[in-house]
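Worksheet for the structure shown next.
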Amino acid sequence: PVQALEALGSASLLDAPTGEYQLTPQANYQVGGVASSTRIDLRADARFRFEMNFGNQDEAGADGGGFALHNAGPNALGEAGGGLGLRGLTNALAVEFDTWQNDPGEPALDHTVIYAPGNAGFGTGVNGAVTLGNIEDGAWHAIEIRWNAATQTLTTSFDGIARDSRTADLISAVFGGSIFVHLLVTA
């Protein structure tokens, strides 16, 4: 079923019938997101499908967007800029779609990675940072995130191509023992 969503930060609903949101306006140092108003039960499998448009400002644009399952509260939103609305979230597992190199340790190319923003020692997905090519191309990109409850595995695909996965005791190691989380899509 479709989750009821709430706009956070600089996000605004553009078209109610299609569920299209603008997460951030074209301005510096913004952060916005859409969050599920109800929590998701991690004892059941889940699939999240959505599209994101990262604009068409390859050299002048920044920073990207992301997805998180988290236990930080219904209105939680991470840091702006290079934080992608994810950094600073506690009890969270995030998938970032990063379009700007803020740290010399990350790829210079647009990329995706699974990580726990509040748990630096937790590591990343199986493949680490995966480059995506130029995603600031003005096109809509199909994103699918799957949760397998039996194996506690989060998998990602971008434009129909499997990109990464993370399997671990996520409920204990990331979500603070809670089986209920919120969904958050950010920029």
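The values are calculated or read from the model by the stated rules, or taken from the named source; none is laboratory data. Nothing here was measured: the structure is a model prediction, and the numbers come from that model. When we count neighbours, we look across all protein chains shown, and the Cβ atoms used for this are built from the backbone with ideal geometry, even at glycine. Note: accessible area is taken over every heavy atom of the protein model, side chains too, but ligands, DNA and RNA are not part of it. Shrake-Rupley method; radii C 1.70, N 1.55, O 1.52, S 1.80 Å.
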Test for W140: is it of a type in the set (F, W, Y), closer than 20 Å to Q30 by Cα and touching a residue at least 12 places away in the same chain (Cβ under 8 Å) = no
Among residues belonging to region 138-168 that are part of a loop (DSSP other than H, G, I, E, B) and not aliphatic (A, V, I, L, M), point out the one that is farthest from G128 (Cα to Cα).
-> G138
Please tell me if N134 is under 23 Å from Q22 (Cα atoms) and open to solvent by 70 Å² or more (accessible area, probe 1.4 Å).
-> yes
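Residues checked against (1) buried (at least 20 other Cβ atoms within 10 Å of the Cβ); (2) under 16 Å from I143 (Cα atoms); (3) modelled with pLDDT of 95 or more:
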{"site": "A11", "(1), (2), (3)": "yes, no, yes"}
{"site": "D15", "(1), (2), (3)": "no, no, no"}
{"site": "T18", "(1), (2), (3)": "no, no, no"}
{"site": "Y29", "(1), (2), (3)": "no, no, no"}
{"site": "Q57", "(1), (2), (3)": "no, no, no"}
{"site": "A60", "(1), (2), (3)": "no, no, no"}
{"site": "A68", "(1), (2), (3)": "yes, yes, yes"}
{"site": "N71", "(1), (2), (3)": "yes, no, no"}
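Residue-by-condition table, conditions (1) of a type outside the set (G, A, S); (2) modelled with pLDDT of 95 or more; (3) more than 13 Å from the chain's Cα centre (by Cα); (4) open to solvent by 70 Å² or more (accessible area, probe 1.4 Å):
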| position | (1), (2), (3), (4) |
| --- | --- |
| Q26 | yes, no, yes, yes |
| G33 | no, yes, no, no |
| T38 | yes, no, yes, yes |
| R49 | yes, yes, no, yes |
| P74 | yes, no, yes, no |
| G81 | no, no, yes, no |
Would you please list the contacts, defined by Cβ atoms under 6 Å and residues six or more apart or on different chains, that run from a residue in region 29-52 that is under 18 Å from L86 (Cβ atoms) to a residue that is open to solvent by less than 60 Å² (accessible area, probe 1.4 Å) and acidic (D, E)?
-> none
